[in-house]
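Reading through the structure tokens given below for one structure.
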Amino acid sequence: MPRTVLITGATGTVSTALLTALEGTEVGLRALVRDESRAAGPRERGAEVVVGDLDDARSLPPAFEGVQDLWLLVPNGPRAPEQHMNAVWAARQAGVERVVRLSVVGAAHDAPNRSGRLHALSDRETERSGLRWTILRPHWFMQNLLNEAGDLAATGTFSLNMAAARIGMIDARDIAACAARVLLDGPDRHHGRTYTLTGPRSLTFDEVAEQAGLALGRPVTYLPVSDDARRETLLGHGVPAWIADMLEEYARAYAAGWGDFTTGTVTDLLGRPPRDIAGFVHDHAAAFTAADGR
């Protein structure tokens, strides 16, 4: 009998890429969505769609029936540990065998950001859940640059409050590929492992701009801004204050050198190196050039 994987966060960046990576494999795919109106994407990738809300423990049991493997991704926010707890409890009640959890880089009780500290709580709950478990801790997503695509396309510049931070950033498609590898390898091979996932090298955002310019065939410039300026921009785009505060904490940590490292874990899991920034920009060139029509 094929194993059934329940995908949470099914319409987000990593889980969408994971559904794509698992499409056509021997596993059965089930996607949890909060709203039926968001079901089209997972269905297009061959998943059975179930409606449930990690905020509402009572809505979850039907989604977990007959599931062997849980891909557990909860959104960043102050309720993340509660949402994680609800999912783990539903999984245990339903007899799920394994959880593969998406955590964050540097999750620890003394992390310099609230996201890392909250994720550390859920990592520990995962380890003590009684289920087989694997935890993935990815570095800063290259896909975060897509949030700056409008400015970059219009002006050839992008602005972040990262100062001269050097970061081992990773393409989210590689995170998904690693998750797919773990899930397809069966419940025992990666049990009890925590994998920190990075890109191939640490980059400053000046280096990102240089590589993006080469890939796009036009100059690109990184413009560092203050924390206050970045916060004002985020709040102006409707980002909740809690998230803006969290991102500022990350930015300060990165600017202090906290993200300047890489690992060989992606290569170890996939048998190939992780994608580099030039390839990422090339693959998303349409987003970065939309404003000038090129």
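The values are calculated or read from the model by the stated rules, or taken from the named source; none is laboratory data. No experiment lies behind these values; they were computed from the predicted model shown. In this analysis, Cβ positions are derived from the backbone assuming ideal geometry, glycine residues included, and neighbour counts consider all displayed protein chains.
Quick check: anything in region 13-29 among the small types (Gly, Ala, Ser) and touching an Asp or Glu at 6+ places or on another chain (Cβ under 7 Å)? The answer is no, given that none of the residues of region 13-29 is among the small types (Gly, Ala, Ser) and touching an Asp or Glu at 6+ places or on another chain (Cβ under 7 Å).
Of the strands (runs of 3 or more DSSP E) contained entirely in region 30-105, those carrying at least 1 residues that are surrounded by fewer than 18 Cβ atoms within 10 Å (Cβ to Cβ) and not aromatic (Phe, Trp, Tyr) fall at 48-51. Selection of region 166-190 for residues being in contact with a Ser or Thr (Cβ under 7 Å, 6 or more places away or on another chain) and more than 21 Å from Ala10 (Cα to Cα) yields Arg166, Ile167, Gly168, His190.
Scanning region 146-166 for residues that are in contact (Cβ under 8 Å) with a residue 60 or more places away in the chain, outside any loop (DSSP other than H, G, I, E, B) and touching a Phe, Trp or Tyr at 6+ places or on another chain (Cβ under 7 Å) returns Ala149, Leu152, Ala153, Phe158, Leu160. In region 265-294, the residue that is surrounded by the most Cβ atoms within 10 Å (Cβ to Cβ) out of those that are charged (D, E, K, R) and not in a helix (DSSP H, G or I) is Arg275.
When residues of region 237-252 are filtered for being surrounded by fewer than 15 Cβ atoms within 10 Å (Cβ to Cβ) and of a type in the set (Gly, Ala, Ser), how many remain? Result for region 237-252: 2.
Per-residue answers, yes or no, for (1) over 21 Å from the mean Cα position of the chain (by Cα); (2) assigned by TED's automatic domain parsing to the domain that holds Ala176; (3) closer than 18 Å to Ala172 by Cβ:
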site: Arg34; (1), (2), (3): no, yes, no
site: Trp89; (1), (2), (3): yes, yes, no
site: Leu102; (1), (2), (3): no, yes, yes
site: Gly106; (1), (2), (3): no, yes, yes
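Evaluation of Asn86 against the conditions (1) touching a His at 6+ places or on another chain (Cβ under 9 Å); (2) more than 30 Å from Trp258 (Cα to Cα) shows that the sole unmet condition is (1). Restricting attention to region 208-264, the residues being out of contact with any helix residue (DSSP H, G or I) (no Cβ under 7 Å at 6 or more places or on another chain), of a type in the set (Val, Ile, Thr) and assigned to a helix (DSSP H, G or I) number 2. In region 201-214, what residues are buried (at least 20 other Cβ atoms within 10 Å of the Cβ) and touching a residue at least 60 places away in the same chain (Cβ under 8 Å)? Matches in region 201-214: Leu203, Val208, Ala212.
Restricted to region 127-157, and to residues there that are outside the structural domain of Ile175 (by TED's automatic domain parsing) and small (Gly, Ala, Ser), the residue that is nearest to the chain's Cα centre (by Cα) is Ala149. Among the conditions (1) surrounded by 17 or more Cβ atoms within 10 Å (Cβ to Cβ); (2) among the polar types (S, T, N, Q); (3) out of contact with any Asp or Glu (no Cβ under 6 Å at 6 or more places or on another chain); (4) under 27 Å from Thr196 (Cβ atoms), Thr4 misses just one, which is (4).
Taking every residue in region 72-86 that is farther than 14 Å from Gly12 by Cβ and pairing it with any residue that is modelled with pLDDT of 95 or more and buried (at least 16 other Cβ atoms within 10 Å of the Cβ), at least 6 positions away or on another chain, the pairs with Cβ-Cβ distances below 6 Å are Pro81/Leu118; Pro81/Ser122; His84/Val74; His84/Ser122; Asn86/Leu54; Asn86/Ala57. With respect to the stated conditions, Ala255 fails to be closer than 25 Å to Asp174 by Cα and either surrounded by fewer than 15 Cβ atoms within 10 Å (Cβ to Cβ) or in contact with a Lys or Arg (Cβ under 8 Å, 6 or more places away or on another chain) (or both).
I'd like to know if region 182-196 contains one or more residues that are assigned to a helix (DSSP H, G or I), at pLDDT 95 or above and among the aromatic types (Phe, Trp, Tyr). No, there is no match, as no residue in region 182-196 is assigned to a helix (DSSP H, G or I), at pLDDT 95 or above and among the aromatic types (Phe, Trp, Tyr). Considering the conditions (1) in contact with a Pro (Cβ under 8 Å, 6 or more places away or on another chain); (2) in a strand (DSSP E or B); (3) not hydrophobic (A, V, I, L, M, F, W, C), Arg137 is excluded by exactly one of them, (1).
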